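As C-alpha cells, the structure follows; a few thoughts come after it.
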Amino acid sequence: MELLLLADPSEEKVRAYLPASRCFVVLNDGVVVGVCAVQQKEAGVHELMNIAVRPEQQQLGVGSRLLKWVIEIYRAAGARALEVGTGSFGYQLTFYQRHGFRVAEIDRDFFVTHYGEPIFEEGIRLRDMLRLRIEYRS
Ligand SMILES: CC(C)(COP(=O)(O)OP(=O)(O)OC[C@H]1O[C@@H](n2cnc3c(N)ncnc32)[C@H](O)[C@@H]1OP(=O)(O)O)[C@@H](O)C(=O)NCCC(=O)NCCS
C-alpha cells in the first residue's frame, strides 16, 4: 500500500481497484521495491492502474524494466490494448511515451473532479488527465 500510494494519493481509490487487479511486483532480496497493478476494462483491453518504485530505488531503471515486462506480458497474452491514465505534464508522461504509449483522450478536470484535495506536481496543480494507449495490433 505504501508503494501504491506513491502513484495514487487516494487510499480509497487504491482499495477499490486492487481486488480486481492483477499485481506484478519487483523483489530485491525478498523486499518489494516495485509494484504495478493492471485491471481488465473489457475483453482484450487492460488498464494499468498503478506503477510505483520505492523512492530510494527510483531512477535506476527498475520502473522501466517493470513497465516493459508488463507490456510484453499483455502482448504475449494476445491483448488488443493497454491503457493508462496520467497527468498532462511531468516525467511520468515521458516515461510512458518512451515505452510506446500514445495519447488517446484528454479527460479535462479529472483530478479536480475525482480527488478531494488538490494535487500539485512540480508546483503546478494537476487538473487534466491524459488517457494513453498502446494498440498492440497496429
Ligand atoms: C514512475 C516510476 C514508477 C518510474 O520508476 P523508476 O524506477 O524511477 O524508473 P526508471 O529509473 O526506469 O526511470 C524512468 C524515467 O523516469 C525518470 N524519473 C524517474 N523518477 C523521476 C523523478 N523523481 N524525477 C524526474 N524524473 C524521474 C527517469 O529519469 C527516467 O527518465 P528517462 O527515461 O528520460 O531516462 C517511479 O518514478 C515512481 O514510483 N514514481 C512515483 C509514483 C508515480 O508517479 N507513478 C506513476 C503514476 S502515473
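Annotations for the structure displayed:
- The residue pairs whose first member lies in region 62-74 and is touching a residue at least 12 places away in the same chain (Cβ under 8 Å), whose second member is aliphatic (A, V, I, L, M) and open to solvent by 10 Å² or more (accessible area, probe 1.4 Å), and whose beta carbons are closer than 6 Å, counting only pairs six or more residues apart or on different chains, are Val62/Val26; Val62/Val53; Gly63/Val53; Leu66/Val26.
- Just one of the listed residues (Val45, Val62, Val26) is more than 15 Å from the ligand (Cβ to nearest atom) and aliphatic (A, V, I, L, M), and it is Val45.
- Between Arg131, Arg65, Arg75, the distinction of being assigned to a strand (DSSP E or B) and modelled with pLDDT of 95 or more belongs to Arg131 only.
- The number of residues in region 76-94 that are open to solvent by 50 Å² or more (accessible area, probe 1.4 Å) and either of a type in the set (Ser, Thr, Tyr) or near the ligand (Cβ under 8 Å from one of its atoms) (or both) comes to 2.
- Test: Glu42 is among the charged types (D, E, K, R), over 12 Å from the mean Cα position of the chain (by Cα) and under 21 Å from Leu132 (Cα atoms): yes
- Scan of region 89-114 for residues that are part of a helix (DSSP H, G or I) and closer than 22 Å to Ile71 by Cβ, ordered by number: Tyr91, Gln92, Leu93, Thr94, Phe95, Tyr96, Gln97, Arg98
- You will find that of Leu130, Leu126, the residue that is crowded, with 18+ Cβ neighbours inside 10 Å and more than 15 Å from the chain's Cα centre (by Cα) is Leu126 and no other.
- Boolean, Thr86 is hydroxyl-bearing (Ser, Thr, Tyr) and assigned to a strand (DSSP E or B): yes
- Complete set of residues in region 12-49 that are exposed (fewer than 14 other Cβ atoms within 10 Å of the Cβ), part of a helix (DSSP H, G or I) and at pLDDT 95 or above: Arg15, Ala16
- Boolean, Glu121 is within 9 Å of the ligand (Cβ to nearest atom), without any contact (Cβ under 8 Å) to a residue 60 or more places away in the chain and open to solvent by less than 60 Å² (accessible area, probe 1.4 Å): yes
- Tally, over region 1-10, of residues that are in contact with a helix residue (DSSP H, G or I) (Cβ under 6 Å, 6 or more places away or on another chain) and at pLDDT below 95: 1
The values are calculated or read from the model by the stated rules, or taken from the named source; none is laboratory data. None of these values were measured; they are calculated from a predicted model. All Cβ positions, glycine included, derive from the backbone under ideal geometry; neighbour counts span all protein chains shown. These area figures cover heavy atoms from the full protein model, side chains too; ligands, DNA and RNA do not enter into them. Shrake-Rupley method; radii C 1.70, N 1.55, O 1.52, S 1.80 Å.
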